[in-house]
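Colleague: Encoded as structure tokens, here's the structure I'll be asking about.
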Amino acid sequence: MSNGGAEGGTGSPGGVQSVDRALSILELLARSGEAGVTELADALGVHKSTAFRLMATLEGHGLVEQTEERGKYRLGVGLLRLAGATTARLDVVQEARPVCRKLAADTGETVNVAVLADRAALYLDQVAGSSALQPHNWVGQHIPLHATSNGKVLLAGLDAERLDDLLGSLPAYTDMTITRKGQLRKELARVREQGYAVAVDELEVGLTAVAAPVRNAHGDVLATMSVSGPTFRLGPERVQEVVVLLRAAAAEVSHRLGWGQR
């Protein structure tokens, strides 16, 4: 499969410097607990007005907040939101790893775990089965949503408004890639109804993958688990056999994360 990630930049050397200073402020507050603008400016070696602008930006994003003592700042609750997102991903990997190993052993194919990140599927973990010869390592890579089984499951788990926001252009990777939004919406409806997605030669000719949702305690699609391998091994009959194992594995991880528990 080809890497569907996108490159990005900070815009200017000054922007990089501002990001570096902002991160330094967060580190300083983490160590000291709280500090004033003058203290932070001295620690950074910048003018007080520069430090104030940085603090205003961080405060606007909830990453720092003012204490009762005027002019003092501490870390804000916005950091908890960011940390919570990271913790949720770590929990998925931790709970899914033994299940993925068993699924890879049972199917002989490569098993991946992915989450929605921006407008792509971010691969968090991968376990190769016995039949997977030198599989490509997708961990940390972003993969197109509309051309993959993981992506289809992630899209199918979104509400209509969020789905509309994410459905931009649908580039073709092969002749089998879904490139029309109407067709994709029908495919997503089928995914929701049957509880899994299949992608045959849609991202790369010769590659077949099936994916199922991993849900959190609220029943939301938190991540996906997939089994992928060469199309010549994963024909229609074999796919149906794998789907049974995959859905059971994804359900087990979901239960480990609190889904269906009272």
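The values are calculated or read from the model by the stated rules, or taken from the named source; none is laboratory data. None of these values were measured; they are calculated from a predicted model. Please note: Cβ atoms are built from the backbone with ideal geometry, for glycine as well, and neighbour counts cover all protein chains shown.
This table checks each residue for (1) farther than 14 Å from P213 by Cβ; (2) of a type outside the set (D, E, K, R).
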| site | (1), (2) |
| --- | --- |
| S149 | no, yes |
| L155 | no, yes |
| D159 | yes, no |
| G168 | yes, yes |
| K181 | yes, no |
| R185 | yes, no |
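Colleague: Return the only residue of L170, L116 being assigned by TED's automatic domain parsing to the domain that holds L245 and more than 25 Å from G219 (Cα to Cα). Quick ask: steps written out before the conclusion?
Modeller: Working: L116 fails: more than 25 Å from G219 (Cα to Cα).
From the options L170, L116, the qualifying one is L170.
Colleague: Give just the number: which of (1) at pLDDT below 95; (2) under 12 Å from V92 (Cα atoms); (3) not basic (K, R) does M225 not satisfy?
Modeller: In the conditions (1) at pLDDT below 95; (2) under 12 Å from V92 (Cα atoms); (3) not basic (K, R), M225 misses (1) alone.
Colleague: Still on this structure, please answer the following. Give me the residue from region 25-63 that is out of contact with any helix residue (DSSP H, G or I) (no Cβ under 8 Å at 6 or more places or on another chain) and of a type in the set (K, R) and, out of that set, nearest to L79 (Cα to Cα).
Modeller: R31
Colleague: Then there is this: Could you please find all residues in region 232-262 being at pLDDT 95 or above and of a type in the set (V, I, T)?
Modeller: Within region 232-262, V239, V242, V243, V244 meet the criteria.
Colleague: Now for a different question. Take A251 and tell me if it is in a helix (DSSP H, G or I), surrounded by 18 or more Cβ atoms within 10 Å (Cβ to Cβ) and either within 20 Å of the chain's Cα centre (by Cα) or among the hydrophobic types (A, V, I, L, M, F, W, C) (or both). Spell out the reasoning first.
Modeller: Working: in a helix (DSSP H, G or I): yes; surrounded by 18 or more Cβ atoms within 10 Å (Cβ to Cβ): yes; either within 20 Å of the chain's Cα centre (by Cα) or among the hydrophobic types (A, V, I, L, M, F, W, C) (or both): yes.
Taking the combined requirement at face value, the residue satisfies it.
Colleague: For region 105-126, enumerate the residues that are modelled with pLDDT under 90 and in a loop (DSSP other than H, G, I, E, B).
Modeller: If the condition is that a residue be modelled with pLDDT under 90 and in a loop (DSSP other than H, G, I, E, B), then D118, R119 are the ones that fit.
Colleague: Kindly establish whether G129 is assigned to a loop (DSSP other than H, G, I, E, B), at pLDDT below 90 and assigned by TED's automatic domain parsing to the domain that holds P213. Give the derivation first.
Modeller: Details: assigned to a loop (DSSP other than H, G, I, E, B): yes; at pLDDT below 90: yes; assigned by TED's automatic domain parsing to the domain that holds P213: yes.
Answer is yes for this residue.
Colleague: May I pose another question? Name the residue, out of T208, T179, that is hydroxyl-bearing (S, T, Y) and surrounded by fewer than 16 Cβ atoms within 10 Å (Cβ to Cβ).
Modeller: Details: T208 fails: surrounded by fewer than 16 Cβ atoms within 10 Å (Cβ to Cβ).
Checking each option against the conditions leaves just T179.
Colleague: Can you find even one residue in region 22-41 that is exposed (fewer than 13 other Cβ atoms within 10 Å of the Cβ), among the acidic types (D, E) and at pLDDT below 90?
Modeller: Yes.
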